[in-house]
1. What residues in segment A:178-226 lose 50 Å² or more of accessible surface when the other protein chains are added to their chain alone (1.4 Å probe)?
2. Which helices count as membrane-span-like in chain B under these terms: full DSSP H, at least 15 Å along the axis by C-alpha, Kyte-Doolittle mean of 0.0 or more?
3. Specify the longest stretch of chain A that does not include any exposed loop site, a site being one of the trypsin sites (Lys or Arg not before Pro) with a non-H, G, I, E, B DSSP assignment and at most 14 other Cβ atoms within 10 Å.
4. About its Cα centre, what dipole magnitude does segment B:117-256 give when the only charges are +1 on Lys and Arg Cβ and -1 on Asp and Glu Cβ, stated in debye to the nearest 20?
5. Give the cross-link partners of B:Lys251 among the lysines, using a straight C-alpha distance below 17 Å as the criterion and excluding same-chain residues fewer than 8 apart.
6. What does the average come to when, for each residue of peptide B:90-97, you count the partner chain Cβ atoms lying within 10 Å of its Cβ?
7. Counting only protein chains, not ligands or nucleic acids, how are A:Tyr26, A:Tyr242 ordered by accessible area (probe 1.4 Å), most first?
8. Given a 1.4 Å probe and heavy atoms of the protein chains only, how would you sort A:Trp73, B:Trp247, largest accessible area at the top?
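The values are calculated or read from the model by the stated rules, or taken from the named source; none is laboratory data. All values reported here derive from a predicted model rather than from experimental measurement. Using ideal geometry, Cβ is built from the backbone for each residue, glycine included, and neighbour counts are taken over all protein chains shown. Accessible surface is based on the protein model in full, side chains and every heavy atom, while ligands, DNA and RNA are left aside. Shrake-Rupley method; radii C 1.70, N 1.55, O 1.52, S 1.80 Å.
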Amino acid sequence: MTDIRALEADIAQAADSGAPGRSAWYRLEPAILGTASIAVLLVLWEVLPRLITMSAGTKLFFTTPTQIAGTLWRLFATGTIWTPLGVSASGFALGLGLSIVVGLPLGVLIGRSRTLNAMLDPFITAFNATPRLVFLPLLMLWFGLGLEMKIVIVFIGALFPILINTYEGVRNADKTLINVVRSFGASEWDVARLVVVPNAMPYIVAGLRLAIGRAVLGVVVAEFFGSESGLGVMMVQAAGRYQVDVVFSGLIVFAALSLAMTAMVQVLESRLSRWRPQRAGGE
Amino acid sequence: MQAYISGRNVNLTFRPPNRGPVRALQNFDIDIGEGEFLSIVGPSGCGKSTFLNVLLGLIKPDSGDIRMDGKPLAGPGTDRAMVFQEFGLLPWRTVQANVELGLELKGMSSDTRREVSQPLIEMIGLSGFEGHFPHELSGGMKQRVGLARALATDPNVLLMDEPFAALDAQTRDLMQVELLRIWQTAKKTVLFVTHQIEEAIYLSDRVMVMTKRPGRAKKIFKIDLPRPRDYEMRVTPEFNELKLQIWNELKDEITV
Ligand SMILES: Nc1ncnc2c1ncn2[C@@H]1O[C@H](COP(=O)(O)OP(=O)(O)OP(=O)(O)O)[C@@H](O)[C@H]1O
Ligand SMILES: [Mg+2]
């Protein structure tokens, strides 16, 4: 009798934990599994090189997680990373900022004005279809190897996702809602502020996410192929000296930057979409 | 009654890109007296919403003369407000911010706006829902927010496009009474579009029947029932007689 009671309680508990948002395990399972698989990978990476005998020459090309962690720590502790990181980060931030400041209003304008759209569309299409890398030699010639060149290459990379997504979102604006605010005497500026931009927000945020990726790529490309300083320059120089651990450290810092920015966009997104119905299945 | 709003020979054809033209209004004539309650009934797609949009100043007709208070109509103005057929609530605004939309565009401070919106929200029975977003409301609740928003700017002319269609029968009855009270105390001119003949008779001074598309005024019925009207009036022989006459006029226009 008691056994059956206990069994029933067990079953009830099991059913409970299956319900979304109830048990800790249900919520944490993906995070735990994800962390575990990364941990396994790191351990394998650390252990395997010790088990396999490699010639000294081959060893030059490899490193281990502990070595990378040590190098990263050293780079930050001694402060040697701050200057290149600062240069890369300002190139990234200024270029991305500029692309938002230009891309957003421009996207709204060409989305709302048939004339502007017709005038600018050929340029945008052509520019967007051209791989941005081909501009690099020209930009180096015009802007040199310093911060300006980096800003420009980041800018032209990040501009189009923002511009084009904003445009798409603006085109998608609900005609009835525009009529509603017009009927209350709204000016074209009010229409943009009250209907068009809020309506385009999901598109704009998606564009921003793309733009961040492009901006990081812009920084990396500029620094790999012609810059005086920056994280990428540090990586290229370290690779030349077979300092694989330093190269990996740079890579990790870049990855961390991108992840941090993406997380910021996610926070922004959830702030901005409070008014939306919760997506089914989402938490 | 002298015409406050008049439309003469109004013609309007939609020309959607990549599709054939749609004639929505043809030689449409209308006269609305100041402070009058006029309802329009007509088959679906006959141009009722189109005409309301013309009066609102959102669509320009191809030809015809439309005047309000003797002056030709020029664009939207705060003397008119519409209760939209599909509610037209801004989904990213709360109930309160939606009700205050017109006031905000008038440049009113948030305190003053609140003084206006609060009693209206109470009137439509949505107290406690001020901070809710439209997707959290039922269809009937959304419709009432649309009504409050139109009333907030205190327009002379209320254009109402099937404003009670999404309401349950009981709420509908209550809102009809409330509308008549507002209309009588605030002396507004109301143009009311509905598919319910009974509703049209109960509320109106006159009921216009429109033809099928392209819409024209087919016949106008004067509703001589005494006011204030009450619920029992709907079962009187006069009421039923009017209902039958209007239905007879309307049914020839409806093709299924
Ligand atoms: N923007 C538009 N572009 C093209 N055609 C339109 C447009 N708006 C309305 N129409 C057409 O004009 C006609 C009249 O439309 P309207 O919305 O005025 O009808 P309605 O009388 O309000 O109908 P309902 O009772 O169903 O609301 C319809 O045939 C519709 O297809
Ligand atoms: Mg309609």
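1. A:Val180, A:Ser183, A:Phe184, A:Leu194
2. On the way: long enough: B:110-123 (19 Å, -0.89); B:139-152 (20 Å, 0.11); B:169-186 (25 Å, -0.18); B:237-251 (21 Å, -0.84).
Membrane-span-like by this rule: B:139-152.
3. Details: sites that count: A:Arg22, A:Arg241, A:Arg274, A:Arg279.
The answer is A:23-240.
4. Computed charge dipole of segment B:117-256: roughly 540 debye.
5. Within the straight-line cut-off, B:Lys251 pairs with B:Lys48, B:Lys212, B:Lys218, B:Lys219, B:Lys243.
6. Working: counts 9, 7, 12, 3, 2, 0, 0, 0.
Mean shielding by partner chains, rounded to a whole number: 4.
7. Working: A:Tyr26 100, A:Tyr242 120 Å².
Listed by decreasing accessible area, they come as A:Tyr242, A:Tyr26.
8. Values: A:Trp73 190, B:Trp247 115 Å².
Output order, biggest surface exposure first: A:Trp73, B:Trp247.
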